[in-house]
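Presented below is the structure to which this report refers.
Any read-out appearing in this document is the output of simple, stated calculations on the displayed coordinates, not a laboratory observation. Worth saying up front: this structure is predicted, and the values here are computed from it rather than measured. Note that each Cβ is placed from the backbone with ideal geometry, even for glycine, and that neighbours are counted across all protein chains shown.
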Amino acid sequence: MSDAVDEEHDPEVPVALLQERAVYEEHDPALGRRLWGRQLDPEHDTDLLTHWMNKPHVAEFWDMAWPRDWIYDYLKRHEEDPDRTTYLGFLDDRPIGYMEVYDPFHDVLGQHAPLLPGDIGAHVLIGDEDQLGRSSVAFGFAVNRYLFAKPGVHRIVGEPDVRHHNFLSLLAFLGYRKHQELDLPDKTAAFMVCERRDFERLSSRRRRR
């Protein structure tokens, strides 16, 4: 696709911080850094998402190595969808991750998985390879804390590709369990579930260390 980001030059994509729109923030003691997030704004953030979606480690599993205008339309549809919200996550002033939070009962997942009242769905990616590792773990814990702070949320659910072994290992470290495999229209997925009590128990053990 001619409009895709040129990976060879790996440009630094400017992004508006818009810190006044933060919906969550915390200080991560292990990293000694500030983690925070805000809702994604297509007018400010499409270039960054296009850059990330065209990176090989993202494109392999998101299958969205699209031109900029396609990404913009995708983000605008999500912005107008009452059952889905998109976010950017930051480490200090650097954007590191993207998250889609959705109502799984109004998603393809609801047609294939044994959902329960109080379930909330999330898709998450880390944009730059050098943030995979400690930063992705910190980001994952922050995502869980943010979602479990929402009223009525008892489980976080997701459906990553069964081939995405690194991400599945990260989810297991964050307190997720694989319940079963699902044959979805575009992939074979692992139905991953993080229950509030399991995450609270895991977080309590981490704080005692």
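When peptides 26-35, 159-168 are sorted by average Cβ neighbour count within 10 Å, with the highest value leading, the order is 159-168, 26-35.
Each of Asp183, Asp107 was scored by other Cβ atoms within 10 Å of its Cβ. Listed from fewest to most, they are Asp183, Asp107.
Residues in segment 97-106 carry Karplus couplings, in order, of x, 10, 9, 10, 10, 9, 7, x, 6, 10 Hz; the curve used is 6.51 cos²θ - 1.76 cosθ + 1.60 with θ = phi - 60°, and Gly or Pro positions show x.
By how many nm would the segment from Glu129 to Glu60 lengthen if fully extended, with 0.36 nm per residue of separation less the alpha-carbon distance? Could you put the intermediate results ahead of the total?
Values: separation 69, 0.36 × 69 = 24.84 nm, distance 1.34 nm.
Contour length minus the Cα-Cα distance gives 23.5 nm.
Between segment 147-195 and segment 65-136, the alpha-carbon centres lie 13 Å apart. Considering Cα pairs under 8 angstrom that are at least six residues apart, work out the relative contact order of the chain and quote it in whole percent. Relative contact order for the chain comes out at 15 percent. In sequence order, segment 84-95 has phi-based couplings of 8, 9, 10, 9, 10, x, 10, 10, 6, 9, 9, x Hz under the Karplus curve 6.51 cos²θ - 1.76 cosθ + 1.60, θ = phi - 60°, and Gly or Pro positions carry x.
With Rh defined as the Kirkwood radius, the inverse of the mean 1/r over Cα pairs, the Rg/Rh of the chain is 0.94.
With a Cα-only, solvent-free Debye model of segment 69-172, what are the log10 I(q)/I(0) values at q = 0.16 Å⁻¹? Reported log10 I(q)/I(0), two decimals: -0.79.
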